[in-house]
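Colleague: Once you've had a glance at the structure underneath, I'll fire off some questions.
The values are calculated or read from the model by the stated rules, or taken from the named source; none is laboratory data. The structure displayed is predicted, hence computed values, not measured ones. Positions of Cβ are generated from backbone atoms using ideal geometry, with glycine treated the same way; all protein chains shown enter the neighbour counts.
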């Protein structure tokens with residue numbers, strides 16, 4: 001069982017991801033903004049973080065900058081702005097993975113999580 005932190009300002013995204021990951025018996029922690037994300041990240045020390053890029057207040061990019069040097073987990077960056085953000089950009093920012101929103105197949109995220117966690 002892994003600890004997965006889901007950071008997104010959209011409640012529906014957090015709920016959908018949480019439902020999938022808890023059904024796989026993972027512990028899910030949610031954060032609705034960058035400030036909550038940093039606090040939860042430090043407190044919980046997740047195995048995996050799903051991090052939205054654009055949020056009000058502190059963005060996902062700013063969260064990554066704040067956590068630089070303290071990232072002891074895998075990070076999946078999420079964004080609807082796929083012209084501006086992609087896997088290359090995500091890696092340059094300190095994340096290992098990138099997924100575009102809206103999700104084409106939310107069930108396929110189960111497979112992605114298992115791949116990521118098995119690769120540790």
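Colleague: Scan (1) under 13 Å from residue 4 (Cα atoms); (2) at pLDDT below 90; (3) in contact with a helix residue (DSSP H, G or I) (Cβ under 9 Å, 6 or more places away or on another chain) for the single condition residue 72 breaks and write down its number.
Modeller: The failed condition is (3).
Colleague: I've got another one for you. In the range 21-34, which residue that is touching a helix residue (DSSP H, G or I) at 6+ places or on another chain (Cβ under 7 Å) and closer than 15 Å to residue 106 by Cα is modelled with the lowest pLDDT?
Modeller: By that ranking, first place goes to 24.
Colleague: Okay, moving on. Mind telling me which of the residues 52, 47, 104, 118 ends up being at pLDDT 90 or above and farther than 19 Å from residue 11 by Cβ? Don't jump to the end; show me each part of the working.
Modeller: On the way: 52 fails: farther than 19 Å from residue 11 by Cβ; 104 fails: at pLDDT 90 or above; 118 fails: at pLDDT 90 or above.
Testing whether each residue is at pLDDT 90 or above and farther than 19 Å from residue 11 by Cβ leaves just 47.
Colleague: Let me ask something additional. For a quick check of your reading of the model, give me the residue pairs whose first member lies in the range 85-112 and is on the phi < 0 side of the Ramachandran plot and surrounded by fewer than 16 Cβ atoms within 10 Å (Cβ to Cβ), whose second is in a helix (DSSP H, G or I) and modelled with pLDDT of 90 or more, with beta-carbon atoms closer than 6 Å and at least 6 apart or on different chains.
Modeller: 106/16; 110/20
Colleague: Here are some residues: 51, 64, 17. Which one is closer than 20 Å to residue 96 by Cα and in contact (Cβ under 8 Å) with a residue 60 or more places away in the chain?
Modeller: When all the criteria are applied, what remains is 17.
Colleague: Among the listed residues 37, 18, which satisfies the condition of being modelled with pLDDT of 95 or more, in contact with a strand residue (DSSP E or B) (Cβ under 8 Å, 6 or more places away or on another chain), in a helix (DSSP H, G or I) and buried (at least 23 other Cβ atoms within 10 Å of the Cβ)?
Modeller: Working: 18 fails: buried (at least 23 other Cβ atoms within 10 Å of the Cβ).
From the options 37, 18, the qualifying one is 37.
Colleague: Moving on to the next point. Select, from 31, 2, the only residue that is within 11 Å of the chain's Cα centre (by Cα) and surrounded by 19 or more Cβ atoms within 10 Å (Cβ to Cβ).
Modeller: 31
Colleague: A further question follows. Within the range 45-62, how many residues turn out to be under 24 Å from residue 114 (Cα atoms) and surrounded by 16 or more Cβ atoms within 10 Å (Cβ to Cβ)? Walk me through it before giving the result.
Modeller: Of the residues in the range 45-62, the ones under 24 Å from residue 114 (Cα atoms) are 45-53, 60.
Within this subset, residues satisfying the condition of being surrounded by 16 or more Cβ atoms within 10 Å (Cβ to Cβ) are 46-53, 60.
Qualifying residue count for the region: 9.
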